[in-house]
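Structure, as C-alpha cells:
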Amino acid sequence: MILGLSFSHNATACVLDEQADRVLFCCSEERFSRRKNEWGIPYRALEYVFRHVAGPERIGIVAVGESCRMRYGSHEFAELMNLVDYGVKDGYIRSKTRLSQVVFKEALARTFGRSVELRALVIARLRALGLSAPIEFTDHHAAHASSAYYGSPFDEALVITFDGEGDGLSGSCWAGKAGRLERLESLPEVASVGLFYKSIAAFLGFKVNQQEGKVTGLAAYGDPKRFAEGLRRFLHAEMQDGRLNIVSEAAERHMSRLSRRKVYFLRLLSYIPMVLGAREWEPLFNRLLRREFCDFYGGVFGVDGESIPFSVAADVAAAAQQVFEEATLAIVGHFQSRFASKNVALAGGVFANVRLNQRILDLPGVENLYVHPGMGDEGLAFGAAMLHANASRQDKGLAGLDCVFAGPMYEDAAIRSTLDALGAPYTPADDDVLIEQAVQALQAGRIVGLFRGASEYGPRALGHRSILANPADPDLPARLNERLHRSTFMPFAPAVLAECFDTLFTGPKYAGAHPAARFMTIALDVDPAWRGRIPAVVHVDGTARPQIVREEDDSFFYRLVRRFHEATGLGCVLNTSMNLHEEPLVNAPTDALHVLDRGAVDLLILGGHLVTGSSVPSRL
Ligand SMILES: [Fe+2]
C-alpha cells in the first residue's frame, strides 16, 4: 500500500491499494481537527488510517507531495513554520516568551551559519509514528500534475498546474500520454497568477487560501472597466519575440515580503506591534497580508482598504477576475502550442476558480476538461501516491479517483450509538421512506441535511455531507445565507440529475464539461429558459456550478434528485456544504447533529435515520 501525504495548508493523508487499483482513503486533517485548511503533519487523519484502514506496518511506501528542501536555522522554527497545526501555532502567538525564544534561536543559528533541512525533520516525525517504509519526496507541481492526469478519465491530455507557489514554482505544463507524464515547462513563483488573486482577496479583507472564492462570487456584481487598466500593470502575460513574458508584481511583492521560505528578520521587527496584539496565528497572518496589499494597491483603487464600499469591492473583484483570466488564458494558450490535445486536465489552487475553468473549456482546441476535485494542496497527497503507483506500470492502470467518497464513514450501528448516547430521538427508516420524507420537506421549503456514506475528498460537498433545498424559491439564498451565516453575494450550486444536464445547461461545449461537472469544479451557462425556474441556484451572471448526479456514483442521492424531479418537474436540487460558518465540512455524526442543533437545517438524514430539529437535545 502507498501512503500519500501533504503538510502545508490542507494537510491530507491518502491510502492507495495499488494491487487492487483502489483509493482506500483520502481525507484532509481539517475534517478531524475542525480548523479549516489545517496545517502540518496530518496526525489525526493518520490515526484514523492506522485504526480503520491500514496499520503503519502495512504501508509499503510513503509518498510526500512536496520536496521539503527548505532549510532553517533551528528545528523549532522549521517545525513552527511547516509541521505543526494551528493549535500549536496559536500557543506560540499567545506566549510571547516562547515566540521570542524560538525567533531568537533561529536568528542565532543563522548568524553562526547553522542550518537544518526540513526533509530530515519530516523523516524523523514519520518514523516516530511507526512508519518504517521508504519515504519518497515529490516535487509539489509534479504531485499536482499527477493528481490531474491520473485522476482524469483521459489517456492523453495537456496537463496544467497553477497555484500560489510550491517548491519554488507557480505553475507547470505537462504532456500526459499512455500513463506517462512528461514535464514541458515550469513557471517561477515570481510569475504567479495565484499570488495575484490571493493579494486581491487580502486587499478586500478575505482570508487567504480560504476565501478566494468570494472574490469570484463578488466579481459578478461589478464592472471590470473601472479598474482593469490599472490592474494590468500588476499582472499581465503576453508573447514577445516568440517567448512568453509574464509580469506579476503582486507575486514579487509577496515573495519578497511574506514568503515562508525567505524569512527576513528586519522585516519581522516591523510586525512586532501587530504580533503583540494577536491571539491566533491565522488572523495575524491575514492582517499582515492585508496591510501589505492595502499599501500596495491603495493608490490604484482610491480607497484605504479599511472600509471598502460594496460597489468598489465588486468593481475591484470584477477587474481582478478579468485581468487574472486574461493572463492565465494567455499562458494556457502558450502551453497549448507546446502540446496540442483536445483533453485538458487541471490541478492547483488556481483552478478552484470555476469561472476561469469555464473560460479554459471555451478556448479553441479544448473539447474536454477535467479539474481534479481536490485541486488545492490536499491533492498533493493523492498526486504523490498516484505518481508512485504508476511509476512501474506501462499504461494508465489505476482508475484514478473515479469517485471522491474516500473519507471516514460511519455505519448505522455507530450512528445509532451516538444518537442513543445523546438521548436524541430519531426514526429509523429505509431508503425509500427517507427519500420521500426529504422530497416532501424540500417541496415545503424546508432545509434538509444529508449525511450518508464516506465523506467527500476536496472542498465540495457532493451529497454525502450536504445541505439540500428547493432551487425554485427565489428568496431561499438570502434565507439560507442568513441561517448559515454566509456572505449574501455567494451563489448556491445545483446537484443536477445526469439526464437533465443537457436541458438545464447550454453552450457549444457543455458536453465536454462532464468530467469536471461531476465534481462541481466548473461554471456553466444556465439555459435562459431555466434561469427563472431555478433562481436559487443561478448566479447573477446567469451561470451555475453544477454537480452531475449519476446513479453509478451514488444511488441514494441519484434517487432522491430523481424523485424531486418527478414531483416538481425540476431536474436539480440546491446542494451546499454541510458546515457552520467558517468551519470545515462536517465529519462525524456529532458534527452533523451540531449543525441541526444550531438551526441551520430543519431535518437531518443521518445514515438510515431521520432526525428533526426539535428532537435534538440542546447540550450538543
Ligand atoms: Fe499547490
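The values are calculated or read from the model by the stated rules, or taken from the named source; none is laboratory data. Just so it is clear, the structure is predicted and the values come from calculations on it, not from any experiment. Methodologically, a virtual Cβ is constructed for each residue, glycine included, from the backbone with ideal geometry; neighbour enumeration extends over all protein chains shown.
Determine whether Val193 is within 22 Å of the chain's Cα centre (by Cα), modelled with pLDDT under 90 and within 16 Å of the ligand (Cβ to nearest atom). Taking the combined requirement at face value, the residue does not satisfy it. Scoring Ala228 on the criteria (1) free of Cβ contacts under 8 Å to residues at least 24 places away in the same chain; (2) surrounded by fewer than 21 Cβ atoms within 10 Å (Cβ to Cβ) leaves a single failure, condition (1).
In the stretch 563-610, how many are in contact with a Cys (Cβ under 9 Å, 6 or more places away or on another chain) and either part of a loop (DSSP other than H, G, I, E, B) or under 26 Å from Arg44 (Cα atoms) (or both)?
Of the residues in the stretch 563-610, the ones in contact with a Cys (Cβ under 9 Å, 6 or more places away or on another chain) are 564-565, 570-572, 587.
Now narrow it down to the ones that are either part of a loop (DSSP other than H, G, I, E, B) or under 26 Å from Arg44 (Cα atoms) (or both): 570-571, 587.
Residues meeting the conditions: 3.
Number of residues in the stretch 324-348 that are more than 18 Å from Ala250 (Cα to Cα) and within 16 Å of the ligand (Cβ to nearest atom) equals 4.
In the stretch 548-559, is there at least one residue being more than 25 Å from Leu610 (Cα to Cα), modelled with pLDDT under 95 and either in a helix (DSSP H, G or I) or not aromatic (Phe, Trp, Tyr) (or both)? Checked the stretch 548-559: no residue is more than 25 Å from Leu610 (Cα to Cα), modelled with pLDDT under 95 and either in a helix (DSSP H, G or I) or not aromatic (Phe, Trp, Tyr) (or both).
Here is a yes/no grid of residues against (1) outside any helix (DSSP H, G or I); (2) modelled with pLDDT of 90 or more:
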{"position": "Lys214", "(1), (2)": "no, yes"}
{"position": "Leu231", "(1), (2)": "no, yes"}
{"position": "Ile246", "(1), (2)": "yes, yes"}
{"position": "Arg257", "(1), (2)": "no, no"}
{"position": "Lys262", "(1), (2)": "yes, no"}
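What are the residues in the stretch 134-148 that are part of a strand (DSSP E or B) and either acidic (Asp, Glu) or at pLDDT below 95 (or both), if any? Let's see the steps before the verdict.
Taking the stretch 134-148 and keeping what is part of a strand (DSSP E or B), we get 135-137.
Glu136, the sole residue that qualifies.
Among the residues of the stretch 449-460, those that are among the hydrophobic types (A, V, I, L, M, F, W, C) and surrounded by 24 or more Cβ atoms within 10 Å (Cβ to Cβ) comprise Leu450, Phe451.
Regarding Leu108, is this residue away from the ligand (no atom under 16 Å from the Cβ) and in a helix (DSSP H, G or I)? For Leu108, the condition - away from the ligand (no atom under 16 Å from the Cβ) and in a helix (DSSP H, G or I) - is met. Restricting the first member to the stretch 409-432 and to residues that are within 14 Å of Thr612 (Cβ to Cβ), and the second to residues that are among the basic types (Lys, Arg) and surrounded by 13 or more Cβ atoms within 10 Å (Cβ to Cβ), the beta-carbon pairs closer than 9 Å and six or more apart or on different chains are Tyr426/Arg416; Pro428/Arg416. Just one of (1) in contact with an Asp or Glu (Cβ under 9 Å, 6 or more places away or on another chain); (2) closer than 26 Å to Pro546 by Cβ; (3) assigned to a helix (DSSP H, G or I) fails for Gly376. It is (3).
Just give me the residues in the stretch 527-583 being of a type in the set (Phe, Trp, Tyr) and either free of Cβ contacts under 8 Å to residues at least 60 places away in the same chain or in contact with a strand residue (DSSP E or B) (Cβ under 6 Å, 6 or more places away or on another chain) (or both), in sequence order. Show your work before the answer.
The initial filter retains those residues of the stretch 527-583 that are of a type in the set (Phe, Trp, Tyr), namely 530, 556-558, 564.
The answer is Trp530, Phe557, Tyr558, Phe564.
Looking for something in contact (Cβ under 8 Å) with a residue 60 or more places away in the chain, more than 12 Å from the ligand (Cβ to nearest atom) and within 30 Å of Ser307 (Cα to Cα) - is there at least one such residue anywhere in the stretch 181-190? Yes: the stretch 181-190 contains one or more residues that are in contact (Cβ under 8 Å) with a residue 60 or more places away in the chain, more than 12 Å from the ligand (Cβ to nearest atom) and within 30 Å of Ser307 (Cα to Cα).
A Cβ distance below 7 Å, combined with a sequence gap of six or more or placement on separate chains, defines the contacts here; from the stretch 338-359, residues that are part of a loop (DSSP other than H, G, I, E, B) reach residues that are within 12 Å of the ligand (Cβ to nearest atom) and of a type in the set (A, V, I, L, M, F, W, C) in the pairs Gly348/Phe162; Gly348/Met375.
Give the residues of the stretch 126-178 that are more than 19 Å from Pro188 (Cα to Cα), within 16 Å of the ligand (Cβ to nearest atom) and surrounded by fewer than 24 Cβ atoms within 10 Å (Cβ to Cβ), sorted by residue number. Hit for the stretch 126-178 is Phe137, nothing else. Considering the conditions (1) crowded, with 18+ Cβ neighbours inside 10 Å; (2) touching a Gly at 6+ places or on another chain (Cβ under 9 Å); (3) modelled with pLDDT under 90, Phe112 is excluded by exactly one of them, (1).
Confirm whether Leu131 is within 30 Å of Arg180 (Cβ to Cβ), part of a loop (DSSP other than H, G, I, E, B) and touching a residue at least 40 places away in the same chain (Cβ under 8 Å). Answer is yes for this residue. Modelled with pLDDT of 95 or more and outside any helix (DSSP H, G or I): does that describe Ile123? No, not satisfied. Filter the stretch 514-541 down to the residues that are more than 26 Å from the chain's Cα centre (by Cα) and of a type in the set (Gly, Ala, Ser), then identify the one that is nearest to Thr576 (Cα to Cα). Among those residues, the one meeting the criterion is Gly532. The single condition from (1) within 16 Å of the ligand (Cβ to nearest atom); (2) in contact (Cβ under 8 Å) with a residue 60 or more places away in the chain; (3) not in a strand (DSSP E or B) that Gln437 fails is (1).
The requirement of being surrounded by fewer than 18 Cβ atoms within 10 Å (Cβ to Cβ), among the acidic types (Asp, Glu) and on the phi < 0 side of the Ramachandran plot is not satisfied by Glu582. Hey, does the stretch 66-80 have a residue that's in contact with a Leu (Cβ under 6 Å, 6 or more places away or on another chain) and within 16 Å of the ligand (Cβ to nearest atom)? Among the residues of the stretch 66-80, at least one is in contact with a Leu (Cβ under 6 Å, 6 or more places away or on another chain) and within 16 Å of the ligand (Cβ to nearest atom), which makes the answer yes. Only residues that are away from the ligand (no atom under 16 Å from the Cβ) and of a type in the set (Val, Ile, Thr): list them for the stretch 349-380, please. Answer for the stretch 349-380, where residues must be away from the ligand (no atom under 16 Å from the Cβ) and of a type in the set (Val, Ile, Thr): Val354, Ile360, Val366.
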